[in-house]
Structure formats: structure tokens, C-alpha cells
Amino acid sequence: MATERAAARADKWSIAWILLALALWGVFTILMLSSYGPEYDGEPRCEGPLLNPYENRDGTCASELREWPALLGILAVSTITTVVAAATTIYAKLLPRLAPQPITHTQES
């Protein structure tokens, strides 16, 4: 009985970790791919770091979140949350199987 409650609780935590990991991967993807900066003729002046990695980041294209150290930090946090989500999901699925099973006695003739 307690194992079933613990498995249900671990399953809810695994869903929360998965949602957090997905949100962080979404933020990372948006920062890497989306254009930003002041608009010129309706188009942003600066492209994302993955689309144009050699763009001059001085002046109008300077953005602290678009610099590589910040992006690598977000990538690291995204990777850690993904690993924790996977481990929690596996734990939640295996917990009922790891619980001690009641011993049933059979009568021998």
C-alpha cells in the first residue's frame, strides 16, 4: 500500500521534472534560433547565435542571454533536468516491482 503511494508520488514528480526540462529546452531553442534586437524595415537586426555565430555582438546586437557562456549555462541546466526527469520516471515505473511481494504458502500433500 505504501509502495503504491510512493510510486504515485514519484510519478507526479517525474511529470513535473519532464515539464521543467521541456520548458528549459524551449527557452534554449528560442534563444539560439530566434532573431532579436531593434527592427529595421520590420525585421529584427540580429539573428540568433546558431543561425549566425560570427555576427558582431557589439552595440545593437549585444545581449547577455545570447552570449555563449549564458547559453551553455542554460544548456547545462536543461541537460541536468532531463537526466533527473528520466531517472525519476524510471524510478516511478520500477518502484512497484521492487517492493517486497507477500509470501503465499501453498499446502503440500
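The values are calculated or read from the model by the stated rules, or taken from the named source; none is laboratory data. Treat the numbers as computed from the prediction; the structure is a model and nothing was measured. FYI the Cβ positions are ideal-geometry reconstructions off the backbone, even for glycines, and counts take in every protein chain you see. Accessible surface areas use protein heavy atoms only, side chains included; no ligands, DNA or RNA. Shrake-Rupley method; radii C 1.70, N 1.55, O 1.52, S 1.80 Å.
Summary of computed values
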read-out	value
Subset of segment 33-59 (residues that are exposed (fewer than 13 other Cβ atoms within 10 Å of the Cβ) and among the polar types (S, T, N, Q))	52, 56
In segment 1-16, the residues that are touching a residue at least 24 places away in the same chain (Cβ under 8 Å), within 20 Å of the chain's Cα centre (by Cα) and open to solvent by less than 70 Å² (accessible area, probe 1.4 Å)	10, 11, 14
Residue identified as in contact with an Asp or Glu (Cβ under 6 Å, 6 or more places away or on another chain), in contact (Cβ under 8 Å) with a residue 40 or more places away in the chain and either surrounded by 15 or more Cβ atoms within 10 Å (Cβ to Cβ) or under 30 Å from residue 10 (Cβ atoms) (or both) among 99, 92	92
Among residues of segment 1-25, those that are of a type in the set (Val, Ile, Thr) and either closer than 25 Å to residue 72 by Cβ or modelled with pLDDT of 95 or more (or both), counted	2
Selection from segment 17-73 of residues that are touching a residue at least 60 places away in the same chain (Cβ under 8 Å) and aromatic (Phe, Trp, Tyr)	17
Those residues of segment 38-64 which are touching a strand residue (DSSP E or B) at 6+ places or on another chain (Cβ under 7 Å) and part of a loop (DSSP other than H, G, I, E, B), in sequence order	55, 63
Residue 88 vs. criteria touching a Phe, Trp or Tyr at 6+ places or on another chain (Cβ under 6 Å) and in a helix (DSSP H, G or I)	yes
Selection from segment 23-37 of residues that are within 27 Å of residue 82 (Cβ to Cβ) and in a strand (DSSP E or B)	36
